[in-house]
């Protein structure tokens, strides 16, 4: 295996933490964080056997900052960032490059279903990526400086790791 891209996502309607069903939290963590963990657990040995490789895991800007009512989702996406950072450091000496990317919001039917509690906190759809429902993604930069994507990169030189 030369490369892998891990892209998973589950969430529930916005709900304050004290009102979150434990089952909802468990399901979001099982899909979003455990799913990436399990994928990497089996990708890494395949890449080690190959002598090198690259793994990219999709996270979200929600993993970089709080979003009202989305504690399970935010926690799981932050966990993906930490998992990528830790594994990048663990496997840099083995020629594995492990990254997490955190795009801004992408307006899809899932985001619409999340409701006004979330969409009212985001830039307008004209300023963000919009899925056209078929084949193309139109990309625009989202407004706020605190929503910049973050990734962890291990250079091929293996001398340093940075983000």
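Where a number appears in this text, it was derived from the coordinates with a stated rule and is not lab data. From a predicted model like this one, the values you see are computed outputs, not experimental measurements. Counting neighbours? That spans all protein chains shown, and the Cβs are built from the backbone with ideal geometry, glycine included.
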(message) Regarding the stretch 50-61, can at least one residue be identified that is farther than 17 Å from residue 99 by Cβ, touching a helix residue (DSSP H, G or I) at 6+ places or on another chain (Cβ under 7 Å) and surrounded by 13 or more Cβ atoms within 10 Å (Cβ to Cβ)?
(response) no
(request) Output the number of residues of the stretch 1-45 satisfying the condition of being free of Cβ contacts under 8 Å to residues at least 12 places away in the same chain and more than 19 Å from residue 81 (Cα to Cα). (result) 6
(message) Being surrounded by fewer than 21 Cβ atoms within 10 Å (Cβ to Cβ) and touching a helix residue (DSSP H, G or I) at 6+ places or on another chain (Cβ under 7 Å) narrows it down to one residue among 83, 89; which is it?
(response) 83
(request) Report whether or not residue 43 is surrounded by 17 or more Cβ atoms within 10 Å (Cβ to Cβ), touching a strand residue (DSSP E or B) at 6+ places or on another chain (Cβ under 6 Å) and not in a strand (DSSP E or B). (result) yes
